[in-house]
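J.: Starting off with a structure, shown below.
Bear in mind these aren't lab numbers, they're just calculated from the coordinates by the rules spelled out. What you see is a predicted model; the values in this text were computed from it and never measured. Note that we place each Cβ from the backbone using ideal geometry, even for glycine, and neighbour counts take in every protein chain shown.
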Amino acid sequence: MKVGRYDYAGQIDDWPALVARIERVLRAGSYVLGPEVAAFERALTDYLGAPRALGTNSGTDALVLAHRAADLGRGRRVVTAANTFHATVAATVLAGAEPVLVDADPATFTLDPQALAALDGRTLAAVMPVHLYGQPAAMAEIDAFAQRHGLTMIEDAAQAIGARHRGRRVGALGDYGCFSFHPSKNLAAAGDGGAIVLAGDPATVATRAARLDALRSLGQTAQNDHREVGLNSKLDTIQAIVLHDKLARLDAWNADRRRIAALYRERLAGLPLTFQHAPEDVEPVYHLFQVRTDARDALRAALAAAGVDAVVRYPVPIHLQPAFAGFGWRAGQFPVAEALARELLALPIRPGMSDAEIDHVVAATRWFFGASAG
Ligand SMILES: *Cc1c(COP(=O)(O)O)cnc(C)c1O
């Protein structure tokens with residue numbers, strides 16, 4: 001039996017209706033920022049409980065644009081976790097700002113708020129929590145730190161659309177919330193896509209939205225009037241149609257991911273592995289279901305032999321990546337991030353996984369550890 005990580009065709013509900021909507025756009029020729037993009041942006045704001053959203057070409061561009069809109073460029077320092085996807089920190093570097101790292105919490109795998117509190121907040125301009133693997137970061141403590149030092153908050157919510165912290169959706173908790181609709185993410189476009197979500201008082205949101213709207217269109221405020229240098233990074237119209245179609249089913253999909261995660265937690269209990277600890281005040285969306293074991297590579301090989309597509313996310317922490325060698329970080333500096341890079345394995349999790357598939361992953365994992373099927 002093969003257990004895969006994705007079922008893209010299965011995410012499309014009504015093929016003729018979706019194809020007809022795409023055909024309408026192809027015939028009308030309204031290919032860039034047409035009404036479909038605006039309609040999806042409004043649907044996203046309703047879903048998240050945020051006043052404004054702007055579609056971008058990718059999650060990476062959403063992060064870069066948020067940096068630009070918050071004036072996080074040369075001479076400004078942005079702190080995030082040492083264990084994240086490359087793009088989080090690449091965005092800070094692409095914007096010209098300086099990345100600062102803190103280690104992960106060994107239980108929740110998200111940014112350690114105590115390590116953050118140990119930094120001198122006066123040297124920082126912004127904090128960028130990552131809701132890693134679909135689980136909200138320790139937002140109460142991180143927000144308190146940001147407030148105390150007057151820092152901009154950019155949430156990297158690329159993996160966590162729909163997740164809640166104390167009942168509120170992530171991405172609408174800070175100043176800028178950044179999402180990715182890469183096909184691997186919980187809300188998947190048929191290609192690249194992303195969005196920035198704004199929160200705050202109406203006047204601030206309006207000012208930021210106007211600036212971001214220009215920044216995603218080469219800084220243009222009116223035709224041929226470029227007030228600053230921007231990116232060319234808009235959400236594609238066809239992707240907006242696909243995403244709008246899927247958004248209505250996202251909560252059901254995320255609930256199914258939670259159901260599968262609960263089954264894994266229950267049926268893999270007692271084995272020599274640990275899970276991502278979810279504090280009481282978060283509702284994760286399980287972009288990935290991670291197990292932590294010092295036999296990670298052998299477990300991965302055994303699962304691969306059993307047809308189970310388990311993957312390593314991420315094998316090299318930020319501070320040891322060649323692309324960031326210029327920042328002077330060294331091995332041993334963020335020991336939790338390094339241990340997680342060695343010990344985490346993501347088991348397949350996707351909405352609609354069958355009982356037989358879950359049974360197979362559980363049985364193969366238990367067999368590896370010499371335990372009987374549970
Ligand atoms: C996927 C991802 C991004 C980047 O999103 P893209 O749409 O692939 O550019 C940024 N941060 C995190 C944590 C991600 O998982």
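J.: Sequence gap at least 6, Cα distance under 8 Å: using those rules, report the relative contact order of the range 96-194 to the nearest whole percent.
T.: 19 percent
J.: Hey, what do the phi angles of the range 13-21 turn into as Karplus ³J(HN,Hα) couplings, whole Hz, using 6.51/-1.76/1.60 and θ = phi - 60°, x for Gly and Pro?
T.: In residue order, the calculated couplings are 8, 10, 4, x, 5, 5, 5, 5, 5 Hz.
J.: If you stretched the chain out fully between Val311 and Arg259, how much longer would it get, using 0.36 nm times the residue separation minus the C-alpha to C-alpha distance?
T.: In short, 16.7 nm is gained.
J.: Moving on to the next point. How far is it, in nm, from the label point at Arg342 to the one at Glu266 when both lie 7 Å from their Cα along the line to the Cβ?
T.: Taking the two extended label points, one gets 3.4 nm.
J.: Connecting C-alpha atoms closer than 10 Å in a GNM of the chain, tell me which of Ser58, Ser217, Ser180 has the biggest fluctuation.
T.: Among Ser58, Ser217, Ser180, the largest GNM mean-square fluctuation belongs to Ser217.
J.: Among Asp46, Asp192, rank each residue by its count of other Cβ atoms within 10 Å, from fewest to most, as a rough exposure measure.
T.: Fewest-to-most Cβ neighbours within 10 Å comes out as Asp46, Asp192.
J.: Right, something else. By how many nm would the segment from Arg5 to Arg24 grow when fully extended, if each residue of separation counts as 0.36 nm and the alpha-carbon distance is taken off?
T.: 3.6 nm
J.: Find which of Gly55, Leu187, Leu273 sits farthest along the positive direction of the dipole of the chain, computed with +1 on the beta-carbon of Lys and Arg, -1 on that of Asp and Glu, about the Cα centre.
T.: Gly55
J.: Express the C-alpha Rg of the range 1-113 as a ratio against the empirical globular expectation 2.2 N^0.38 Å, rounded to two decimals.
T.: Expressed relative to 2.2 N^0.38 Å, the Cα Rg reads 1.45.
J.: Can you tell me the convex hull volume per residue for the chain, based on C-alpha atoms, in Å³ to the nearest whole number?
T.: Once divided by residue count, the hull of the chain is 139 Å³.
J.: Here's a follow-up. Using the basic label-point model (7 angstrom from Cα toward the beta carbon), what is the His149 to Arg227 distance in nanometres?
T.: Here the answer is 3.0 nm between the modelled labels.
J.: Pop out the ³J(HN,Hα) list for the range 81-89 in order, Karplus 6.51 cos²θ - 1.76 cosθ + 1.60 with θ = phi - 60°, rounded to Hz; leave Gly and Pro as x.
T.: Each residue of the range 81-89 in turn: 8, 6, 10, 8, 5, 3, 4, 4, 7 Hz.
J.: A further question follows. Run the dipole for the range 91-195 about the Cα centre, Lys and Arg Cβ at +1, Asp and Glu Cβ at -1, nothing else charged, and hand back the magnitude in debye, nearest 20.
T.: Charge dipole of the range 91-195: 400 debye, to the nearest 20.
J.: Please compute the contact order of the range 156-201 in relative form: average sequence separation of alpha-carbon pairs under 8 Å and at least six residues apart, divided by the residue count, as a percent.
T.: 35 percent
J.: Residue by residue through the range 117-133, what is 3J(HN,Hα) from phi via Karplus (6.51 cos²θ - 1.76 cosθ + 1.60, θ = phi - 60°)? Round to whole Hz and write x for glycine and proline.
T.: Computed from phi, the couplings for the range 117-133 are 5, 7, 7, 7, x, 5, 8, 10, 10, 7, 10, 10, x, 10, 8, 6, 6 Hz.
J.: Further, regarding this structure: Counting each pair of different Cα atoms once, what's the Kirkwood radius of the range 236-374 in Å, rounded to one decimal?
T.: Taking the inverse mean of 1/r over all distinct Cα pairs, the range 236-374 comes out at 17.0 Å.
J.: So if we plug the beta-carbon distance of Tyr31 and Asp294 into 1/(1 + (r/R0)^6) with R0 = 41 Å, what FRET efficiency do we get, rounded to 0.05?
T.: 0.20
J.: OK, next. Expressed as a whole number of Å, what is the distance separating the alpha-carbon centroids of the range 326-374 and the range 25-52?
T.: One Cα centre to the other: 37 Å.
J.: Let me ask another. For the chain, calculate the relative contact order in percent as a whole number, restricting contacts to Cα pairs under 8 Å that are 6 or more residues apart.
T.: 21 percent.
J.: What's the magnitude of the charge dipole for the chain around its Cα centre, counting Lys and Arg as +1 and Asp and Glu as -1 at the beta-carbon? Answer in Debye, nearest 20.
T.: I would put it at about 240 debye.
J.: Right, here's the next one. I need the Debye-formula profile for the range 326-374: one equal scatterer per C-alpha, no solvent, reported as log10 I(q)/I(0) at q = 0.29 1/Å, two decimals.
T.: -1.05
J.: Calculate the dipole size of the range 217-374 relative to its Cα centre from +1 charges on Lys and Arg beta carbons and -1 charges on Asp and Glu beta carbons; express the result in debye to the nearest 20.
T.: 260 debye
J.: Another question, if that's okay. Using r as the Cβ-Cβ distance of Ala39 and Leu119, and R0 as 41 Å, what FRET efficiency do you calculate, to the nearest 0.05?
T.: Once rounded, the FRET efficiency stands at 0.45.
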